[in-house]
Amino acid sequence: MPRVGLGYDIHRLEAGDGIVIATVRVACPYRVVAHSDGDVVLHALCDALLGAAGAGDLGEQFPDSDPRHAGRDSAEFVRAVLALDALRSWRLVNIDVNIIAQAPRLMEHKPAMRQRLAALLSLPQSCVGLKARTNESCDAIGEKRAIAAQAVVLLEERG
């Protein structure tokens, strides 16, 4: 029986010189306020994988109270999650991601994001869905004070 996992992450934005989204550095007048590199896509992806495997959440695996995670590259979190015993008997089939940001605009960065996610997850690009949307100027995201991501994963048992 396949399993589905859902992940979500949100971070505040403040004045800065760029953010990392889906491992891609995006130059913009913002920075993400976070303990690690603040990659909302990879954080949501980790939570989706952990949820599908019944293995807790990102905060349990990598608490922000642990100084070892300060400024850490979130791709390391993904690799560590994929290596967990709870995921050994499962194969990642596909992912689908929503990035919700009023700013920066992400259209030109989406191909690189899909390519990097596919490589990180050892998936064909055709199995990586990635969409960017705004919040139509509503709430903290719409006011350019936050950025969020949602991720869904499908796992199937290894045969």
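The values are calculated or read from the model by the stated rules, or taken from the named source; none is laboratory data. Nothing here was measured: the structure is a model prediction, and the numbers come from that model. FYI the Cβ positions are ideal-geometry reconstructions off the backbone, even for glycines, and counts take in every protein chain you see.
Side notes on the structure shown:
- Screening Ala140 with (1) at pLDDT 95 or above; (2) farther than 27 Å from Pro29 by Cα; (3) in a helix (DSSP H, G or I) gives one miss only, at (2).
- Among (1) at negative phi; (2) part of a loop (DSSP other than H, G, I, E, B), the one test that Ile147 misses: (2)
- Some residue of the stretch 92-115 being charged (D, E, K, R), in contact with a helix residue (DSSP H, G or I) (Cβ under 6 Å, 6 or more places away or on another chain) and part of a helix (DSSP H, G or I): yes
- Count - residues of the stretch 63-85 that are at pLDDT 95 or above, surrounded by fewer than 16 Cβ atoms within 10 Å (Cβ to Cβ) and among the hydrophobic types (A, V, I, L, M, F, W, C): 3
- Taking the stretch 63-90 as the range and being in a loop (DSSP other than H, G, I, E, B), closer than 19 Å to Arg158 by Cα and either out of contact with any Asp or Glu (no Cβ under 7 Å at 6 or more places or on another chain) or of a type in the set (A, V, I, L, M) (or both) as the test, the residues that pass are Ala83, Leu84, Arg88.
- Whether a residue is in a loop (DSSP other than H, G, I, E, B) and either surrounded by fewer than 15 Cβ atoms within 10 Å (Cβ to Cβ) or free of Cβ contacts under 8 Å to residues at least 60 places away in the same chain (or both) was assessed, and Asn135 passes this test.
- Counted residues, the stretch 13-53 - those being closer than 18 Å to Leu87 by Cβ and either in a strand (DSSP E or B) or out of contact with any Lys or Arg (no Cβ under 8 Å at 6 or more places or on another chain) (or both): 10
- Matching option when the condition is surrounded by 20 or more Cβ atoms within 10 Å (Cβ to Cβ), out of contact with any Gly (no Cβ under 9 Å at 6 or more places or on another chain) and under 19 Å from Val81 (Cα atoms), among Val128, Val153: Val128
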